[in-house]
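The values are calculated or read from the model by the stated rules, or taken from the named source; none is laboratory data. The structure presented is a predicted model; accordingly, all values stated were derived computationally and were not measured. Neighbour counts are summed over all protein chains in view; Cβ atoms, including those assigned to glycine, are modelled from backbone coordinates with ideal geometry. Each accessible area value is taken on the protein alone, full model and side chains, heavy atoms only, with ligands, DNA and RNA left out. Shrake-Rupley method; radii C 1.70, N 1.55, O 1.52, S 1.80 Å.
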Amino acid sequence: MSDTTAATPTTAASNPLLDFSDLPRFGDIKPEHVTPALDVLLAAAKSAVDRASAPDTPATWQDVVETVERESEKLSRAWGIVGHLNAVADTPELRAAHAENLPRVTEFSASVGQNLALYEKYKAIAAGDEFAGLSPERKKILENALRDFRLSGAELPEDRKPRFAQLQEEQAALSKAFSDHVLDSTNAYSYVVTQQSDLAGLPDDVIEAAREAAQKEGKEGWKFTLHFPSYFPVLQYAEHRPMREAMYRAYVTRASELGETYGHGKAEWDNTQNIVQHLKLRQEEARTLGYQNFAEVSLAPKMAESPAQVIAFLEDLAKRARPYAENDWMELRAFAATELGMPELQPWDVAYAAEKLRQKRYSFSENEVKQYFPQEAVLKGLFKVTETLFNVSIRRDEAAVWNPDVRFFRVENKDGSLVAQFYLDLYAREGKRGGAWMDDARARHKRTQGDVQTPVAYLTCNFSAPVGGKPACFTHDEVITLFHEFGHGLHHMLTRVDELGVSGINGVEWDAVELPSQFMENFCWEWDVLTDMSAHVETGQPLPRELFDKMLAAKNFQSGLGTLRQIVFSMFDMVLHTSYDPANGTQNVNDLAREINEKFHVIPQAPFSRWPNTFSHIFAGGYAAGYYSYKWAEVLSADAYAAFEEAAKAANGSVLNAETGTRYRREILEVGGSRPAMDSFKAFRGREPSIDALLRHNGMSEHTQTVH
Ligand SMILES: [Zn+2]
């Protein structure tokens, strides 16, 4: 009920996007607030930059860095809300408002990055008397800023800057279009089952969800979609082969020229040209900055030293995984031929046959396990791990949300003082982008007036919503995903750094960012953790030990194939951004993907697969020449977790070792980006990372070797 006397909503009272007094006012925020808020915030941010870079402004931390930071933080908080809503509660109006303002925001960041006068001020601070007396955090921020200025083209001659800025804008627009096309083509397809017999093999909750989806549209039967919680169970469980085939074909041809053929396409959703255009722009950007290729640009701020080092790392891992993958594939084909009567495994049979083999060998299904992980038990378990290791408490809190299913929590010290807060948005729904992620609503920093702004996180997943009056139950994979995202959240929320630029995940090298997230996944494989966080949805019984032992035995089931799959994605990404020539146009990117698959994988790819066309990580998610970082960080996270295993062994106790947890919190989580990830790792582990733990955790432990 705001006072709407003002003609244009440009004040905090009339425009919730301009209210920074506390949490975002979801519920009050409307698409029509976006443009007026951005008018105000962009103008303020621009004038702060002008002030900071003016000739008579002294080159000091306070007059330059702090002045710019204060206004840019508001801009990024408000724009973060718009981006968040665009991802979780998409409407045509909001999408239009987002698209309308995106170029302005990108243009502003590009202009700051290329502002030579501002760059000179930063250089002057770094060279001046004040520098020696600055805290290590502030020094790190300045170093990062100088590097980023260079990467943003600040040292380019004036006449090349407009083109450079244009490159950034065009890339941002291409990314936005890329992910819109993925979402649109995902939404456009459905597979409606009208014969009950065609549902054979599918889990009850998946059938029920499909039933409700059809009912919602006033249709008879069961509606299945390409959203993952609907799509993947079909591939895994559906006996009806034509259904698996149709949905598989549709899934792997989304946003491609084949979309129309498979019933969900519009020519304008084809991302093929988007990819080529993207690569051309990135290559031009790299050459303009004096690099050979875009991978070098991408690696400049990362932990890995060169594209060659990354490629060598991937090739080494591929070599170690290959014998295991060949064995996995041979076993699967033999099983399918003899026991399933499928002498020829088609791509839409692989997940199905694998699930059947898993069931036979370990006699349990993922769906059986799922019944032991109702939402409340899982959250309780997750919070207990966090509370035990990191000496905090988590409890429900109140805030405005964007959907009634979203919940809000606070993290407190044992004395009740506030550490951080987070939103938890668990379920897949229409208008919500797929996948799972953590994003920051605001980051920790000490304000000029001396008080501390506590961090707030968005934790977003796409799990199945409760159906048929039963609580939502998660697959074990979903539980792992939740722990993963929560690990990112902890990195963001438990930081003790007072400086915005390096607090939490800010300023952390990209290829080390997955350390805290992948680290948390390990707890989903610990018996004493699992008994505590499982309660059968009907009986309330915890996960039986026998079932857990089977899960554990099955943990590395086909891990060779899984590793090679990740290597194909990583290698495709690296090749695309090092040696592939988009200007030449002789090789289609999908042919390149197939070629790389042939070289590194043991399962041939479907000739019609167009998976690069939905590879949002590298075309819409900031992972360009960075997808390898999942495996890279896995070396770090597995080795960090091994410290907990060693502590448990030494004390003959649990991995929930509070002493090791305290050290981990202090050396890894609290320091955020305030020092190089390698330094943090060594401070925690007392040595450089070793690949041993990763190979051991993946059941590939015959060979050992030290990396870095
Ligand atoms: Zn992650």
Notebook entry, point to check: Counting Lys +1, Arg +1, Asp -1, Glu -1, what net charge surrounds residue 611 among other residues with beta carbon under 13 Å of its beta carbon?
Noted result: +3
Note to self: What are the ³J(HN,Hα) couplings of the stretch 586-600, residue after residue, when phi is run through the Karplus curve with 6.51, -1.76, 1.60 and θ = phi - 60°? Round to Hz, x for glycine and proline.
What the structure shows: 6, 10, 5, 4, 6, 5, 4, 4, 5, 4, 5, 4, 4, 6, 10
Checklist line | Residue-span extension gain [residue 682 to residue 448] - 0.36 nm each, minus C-alpha spacing | finding: 81.0 nm
Check: What's the angle, to the nearest 10 degrees (0 to 90), between helix 116-127's Cα axis and the longest principal axis of the chain?
Finding: 90
Check: So if R0 is 41 Å, what FRET efficiency would residue 666 and residue 587 give, r being the distance between their Cβ atoms, rounded to the nearest 0.05?
Finding: 0.25
Note to self: Tell me the per residue accessible area of the chain using a 1.4 Å probe; a whole number in Å² is fine.
What the structure shows: 41
Check: What 222 nm value per residue comes from the helices of the chain, counting each DSSP H run with n ≥ 4 as -39,500 (n - 2.57) and dividing by all residues, nearest 500 deg cm²/dmol?
Finding: -17000 deg cm²/dmol
Checklist line | Other-chain or far-sequence residues with amide H under 5 Å of residue 463's (modelled H) | finding: 427, 428
Notebook entry, point to check: Spin-label point model (7 Å from Cα, Cβ direction): what's the residue 276 to residue 658 distance in nm?
Noted result: 6.2
Notebook entry, point to check: Listed highest first by mean packing, meaning other Cβ atoms within 10 Å per residue, what order do 421-429, 323-331 come in?
Noted result: 421-429, 323-331
Checklist line | Degrees, to the nearest 10: 241-252 long Cα axis against longest axis of the chain | finding: 20
Check: Between the DSSP loop rule and a limit of at most 15 other Cβ atoms within 10 Å, which GluC sites (Glu not before Pro) in the stretch 526-562 are left?
Finding: 538
Item checked: Per residue convex hull volume, Cα atoms of the stretch 620-687, in Å³ -> 107
Note to self: Can you tell me which aspartates and glutamates have their Cα less than 17 Å from the Cα of residue 550? Leave out same-chain residues fewer than eight positions away.
What the structure shows: 355, 366, 368, 477, 526, 528
Next item on the list: Take the alpha-carbon centre of the stretch 513-572, take the same for the stretch 152-225, and report the distance between them in whole Å.
Entry: 27
Item checked: Inter-probe distance in nm under a simple model that places probes 7 Å from Cα toward Cβ, at residue 147 and residue 127 -> 2.1
Note to self: Rounded to two decimal places and with Rh computed the Kirkwood way over Cα pairs, what is Rg over Rh for the stretch 593-708?
What the structure shows: 1.08
Next item on the list: Would you list, by chain and number, the lysines whose Cα falls below 27 Å from the Cα of residue 319, excluding same-chain residues fewer than 8 positions away?
Entry: 302, 555, 599, 631
Note to self: Longer than 26 Å from Cα to Cα, which of 46/432; 30/446; 46/161; 266/370 are they? Say none if no pair is.
What the structure shows: 46/432; 30/446; 266/370
Notebook entry, point to check: Can you give me the pair-distance distribution of the stretch 2-82, C-alpha pairs, 10 Å bins, whole percents?
Noted result: 18, 44, 25, 12, 1
Check: So what does log10 I(q)/I(0) come out to for the stretch 370-499 at q = 0.09, 0.16 Å⁻¹, using the Debye formula with one equal point on every Cα and no solvent?
Finding: -0.27, -0.82
Note to self: Based on Cα coordinates alone, diagonalise the gyration tensor for the stretch 144-282, multiply each eigenvalue by 5, take square roots, and list the semi-axes in whole Å, largest first.
What the structure shows: 44, 15, 12
Next item on the list: Working from Cα positions, state the angle (0 to 90°, nearest 10) between the long axis of helix 559-576 and the longest principal axis of the chain.
Entry: 40
Checklist line | the stretch 16-155 - Rg and Dmax from Cα coordinates, angstrom | finding: 16.8, 53
Next item on the list: Express the carbon and sulfur contribution to the solvent-accessible surface of the chain as a percent, rounded to the nearest whole number, probe 1.4 angstrom.
Entry: 50
Note to self: Let me test this: with uniform point scatterers at the alpha carbons of the chain, what is the Debye-based log₁₀ I(q)/I(0) at q = 0.08 1/Å?
What the structure shows: -0.65
